[in-house]
Amino acid sequence: MRPLWIGTGFKMTKTRAQAVAYARRLRADLDPGVAGVRPFVLPPATALAEVSEVLDGGPVLTGAQNAHWEDEGAWTGELSVPQVADAGARVVEIGHSERREHFGETDETVRLKARATLRHGLVPLVCCGEDAAVFAAGGSVDHVLRQVHAALDGLPEGPDGLGRVLVAYEPIWAIGERGRPPRPEEVADVHAALAAVWGDRVAAILYGGSVTTDNAADLLHIPGVGGLFVGRAAWDVEGYLRLLDIARQRVGAMT
Ligand code: 13P
């Protein structure tokens, strides 16, 4: 059975000290491992190196919330994949809806970043998701399939290509303070469609958006869901540990 990927992105929260304290607690609680579950944490770039040092050699991967597609050069304010890898990143988040909305991320930059991430041996976490208007109009499946095709078409199959890619389906209407938790049946069609095209080819397809300890078990039961990508509910380390426990129980029930 493939592992369930359970990750959190801290977005623009936490000082270095707060992120390191979080990582130390995780390290203490999770060594030697979480059978069947693959945890990952994406701290702010300022804390990436320290958090990676704390978690190095344990079961939790660290990653960056963004990286540029070029390896180096005159790109003021950006970090490249080799630079985040040098700071310990094993995962690179690409194309979160907040970056698409506020920072000009497009299907094309997502495509370039996914390639750069694979080229350097890291795991691309490609985010996709529709807004409330598309959802209301019944266009979710088409919209999400189009985004993922734009990002991944042409990549080679196998462990150096698609087989290393994570896809996170995060409906915009479900994300963050202004989002609402989905009912599982509201996101099941998209997961079924993604699984039909990509399920056997990518490492996993995750669900994200208002995941909580109350709905995580139900969301993990949706066919095609291979993990969860969590914001607020995992920013407190106790919350993240509870979510990992829920995933562990799900793995136990499946094996
Ligand atoms: P929330 O879990 O806070 O809704 O955020 C989800 C998300 O955007 C993860 O990247």
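Read-outs throughout are calculated quantities, based only on the coordinates presented, and are distinct from any laboratory measurement. The model shown is predicted, which means the values in this text are computed figures rather than measured ones. Neighbour counts run over all protein chains shown; Cβ positions are idealised from the backbone, glycine included.
Quick notes on this one:
- Beta carbons closer than 7 Å, at least 6 apart along the sequence or on distinct chains, pair a first residue in the range 105-123 that is free of Cβ contacts under 8 Å to residues at least 24 places away in the same chain with a second that is part of a helix (DSSP H, G or I) for GLU105/ARG99.
- Residue pairs whose Cβ atoms lie under 7 Å apart, sitting 6 or more positions apart in sequence or on different chains, and linking a residue in the range 154-177 that is on the phi > 0 side of the Ramachandran plot to a partner that is near the ligand (Cβ under 10 Å from one of its atoms) and outside any helix (DSSP H, G or I), are GLY176/GLY231.
- The range 123-176: number of residues that are within 15 Å of ASP189 (Cα to Cα) and of a type outside the set (A, V, I, L, M): 13
- Per the conditions (1) farther than 26 Å from GLU108 by Cα; (2) in contact (Cβ under 8 Å) with a residue 24 or more places away in the chain, the sole criterion not satisfied by VAL81 is (1).
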